[in-house]
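See structure below.
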Amino acid sequence: MARGSRRRRGMYILPSLFTAGNIAAGYFAIMQSLQGSAQEPHHFDWAALAIGFAIPFDALDGRIARMTHTTSEFGKELDSLADVITFGVAPSILAFTWGFRMLPPLGDLVFRQKLIQFGAFVCFLFLICGASRLARFNISVNPVPKNPGRPGRKYFVGMPIPAAAGIIAAVIHFFHGIPISIPWVALIWMALVGLIGFLMVSTWRFWSGKEINLSSRHPFQWMVLIGLLLYALVFFSEYVLIIMALMYMFSGILARIAYSWQRARRTLPSASSS
């Protein structure tokens, strides 16, 4: 009886270990972001990779808890706090240090200072939007996006915070951590970070991937796809990750545009007939 109870307690610890790995990756990303510079851009790249590695940890802790029937309120709260650190604080610091802090003191120094200040504010907004997205997710029960998708399919309402952090990490990894040194490029970066923050607090639908079933009747096909994806990630990670990240971001934007266009087409005939 005692042995069974110890085994049960050990099962409860397993999901928390993945959550702890998530927090460790976020802490490592923050430390690397603070050490990065134009002379040592690899620190920014390592920070981006740490955030990327944290995403599967975040996906696995909840799935393992459900598979082992060890879900708990403590685990849910710990997971949310871990997400705020790893996918909120860490990417916001990385986005600022990589995109604005390294701007060279050349040209108009007043404009440079204002750009750094606005960049810090936008990165702070990213953090606030991410925390708000998590809070809304925690209290929502069967949320419905403003642009509903196919019946029977599950969607996220607003971009999930791991995906938002993944976009920032993918862009920085694509440039191998070499920080932005041109003011107009920093303006584009500011607009992208602000857009990602908006997408998190929006009520637009984003694909959840929850319908993927790895225990289907065709496991060989999944093994081949996963093997190809791992090969591409190992040898072409900078291209694969940014393509995946941007495709996911634009999928939500295009889904919202398509829904608005279809609704306008449906209302147009009724308006003309009246």
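In table form, for the structure just shown:
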| item | result |
| --- | --- |
| Number of the exception - PRO15 against (1) under 19 Å from the mean Cα position of the chain (by Cα); (2) crowded, with 22+ Cβ neighbours inside 10 Å | (1) |
| Single residue of ALA135, ALA95 found to be within 25 Å of HIS173 (Cα to Cα) and not β-branched (Val, Ile, Thr) | ALA95 |
| Flag if ASP108 is buried (at least 17 other Cβ atoms within 10 Å of the Cβ) and among the acidic types (Asp, Glu) | no |
| Matching residues in the range 57-84 - criterion: being at pLDDT 85 or above, buried (at least 17 other Cβ atoms within 10 Å of the Cβ), more than 19 Å from GLY194 (Cα to Cα) and among the hydrophobic types (A, V, I, L, M, F, W, C) | PHE57, LEU78, ALA82 |
| Residue pairs meeting the criteria (Cβ under 8 Å; at least 6 apart or on separate chains; first farther than 25 Å from VAL234 by Cα, in the range 171-187; second surrounded by fewer than 16 Cβ atoms within 10 Å (Cβ to Cβ)) | SER181/ALA38; SER181/PRO104; PRO183/GLY107; PRO183/PHE111 |
| Sole residue being under 21 Å from the mean Cα position of the chain (by Cα) and closer than 24 Å to SER237 by Cβ, chosen from ALA131, ALA135, ALA165 | ALA165 |
| Total residues in the range 129-161, condition among the β-branched types (Val, Ile, Thr) and surrounded by 15 or more Cβ atoms within 10 Å (Cβ to Cβ) | 2 |
| Enumeration of residues in the range 226-241 that are farther than 14 Å from PHE53 by Cα and of a type in the set (Ser, Thr, Tyr) | TYR231, TYR239 |
| Check on ILE51, buried (at least 20 other Cβ atoms within 10 Å of the Cβ), β-branched (Val, Ile, Thr) and touching a Gly at 6+ places or on another chain (Cβ under 8 Å) | yes |
| Any pair with Cβ under 8 angstrom, 6 or more apart, that starts in the range 94-113 at a residue that is closer than 27 Å to ALA25 by Cβ and ends at one that is surrounded by 10 or more Cβ atoms within 10 Å (Cβ to Cβ) and of a type in the set (S, T, N, Q) | LEU94/SER33; THR97/SER33; TRP98/SER33; MET102/SER37; MET102/SER181 |
| Cβ-Cβ under 8 Å pairs, at least 6 apart or on other chains, the range 190-219 side among the small types (Gly, Ala, Ser) and part of a loop (DSSP other than H, G, I, E, B), far side surrounded by 11 or more Cβ atoms within 10 Å (Cβ to Cβ) and modelled with pLDDT under 75 | SER216/TRP222 |
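The values are calculated or read from the model by the stated rules, or taken from the named source; none is laboratory data. Just so it is clear, the model here is predicted, and its values are computed rather than measured. When we count neighbours, we look across all protein chains shown, and the Cβ atoms used for this are built from the backbone with ideal geometry, even at glycine.
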